[in-house]
Amino acid sequence: MSDRINPLITEQLDALLYEETNLVANLANASALLKQTLTDVNWAGFYMYQPETDDLILGPFQGNVACVHIENGHGVCGTGLATQETQLVADVHEFAGHIACDSASNAEIVVPLTLSDGTKLGVMDIDSPTKGRFTPEDQEVLEEFARVLLKHIDKA
Ligand code: SME
């Protein structure tokens, strides 16, 4: 049974990252906060954009070991990067090109992360074993979570 995501998680993140601008530390703690707070989630973390190779590389995360490189436009993460739009996927097995890193994952949400100057940072990726786990309301909360995260990173 999964609960709707409590909007207070954005305030928890804001407090957790208070006066800290280190990118790796903030992404690591953000992934831990997601994983320890959300119910029915098996993987939460980040893929970082590599402009030199125009792809994503695995960043801080909580969960099982995962694929390291994801091409721009491939899978749910690469589609989030290419379109710069949140990908809310109720059933990953219906998503053309889905990259199965963890066989437990059945639903996924990917939120693109872009700094205020337009620099693409990467994507935030959250997986669940339950189809339809993430709702449009959850999407709004997670997009706000991403905005709070970017606000702290932008100060660096
Ligand atoms: N399923 C993702 C790959 C990353 S893992 O879920 C951690 C995708 O299709 O992009």
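Every read-out reported here was derived from the displayed coordinates using simple, explicitly stated rules and does not represent laboratory data. If you're wondering where the values come from, they're calculated on a predicted model, not measured in any experiment. All Cβ positions, even for glycine, are placed from backbone atoms using ideal geometry, and neighbour counts span all protein chains on display.
Key figures
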{"quantity": "Cα-based shape type of segment 82-155, given that a ≥ b ≥ c are square roots of the gyration tensor eigenvalues and the cut on a/c is 1.5", "calculated": "prolate"}
{"quantity": "Fraction in percent of alpha-carbon pairs per bin - 5 Å, the chain", "calculated": "2, 10, 21, 25, 22, 14, 6, 1, 0"}
{"quantity": "Estimated [θ] at 222 nm from DSSP helical runs (n ≥ 4, -39500 (n - 2.57)) normalised by residues in the chain, nearest 500", "calculated": "-10500 deg cm²/dmol"}
{"quantity": "Candidate lysines - alpha carbon under 24 Å from Lys151, same-chain residues fewer than 8 apart omitted", "calculated": "Lys35, Lys120"}
{"quantity": "Average Cα contact separation per residue, the chain, under 8 Å, 6 or more apart, as relative contact order %", "calculated": "26 percent"}
{"quantity": "Protection proxy ranking of 78-85, 40-47 - average other beta-carbon atoms within 10 Å, highest first", "calculated": "40-47, 78-85"}
{"quantity": "Distant-in-sequence amide H partners of Gly122 (H built 1.01 Å from N, under 5 Å)", "calculated": "Tyr49, Leu113"}
{"quantity": "Rounded Å value of the spacing that divides the Cα centres of segment 32-76 and segment 1-17", "calculated": "19 Å"}
{"quantity": "Potential extension, Thr21-Asp117 segment - 0.36 nm per residue separation minus Cα distance", "calculated": "32.9 nm"}
{"quantity": "Difference of contour (0.36 nm per residue) and Cα-Cα distance, Cys67 to Gln12", "calculated": "16.9 nm"}
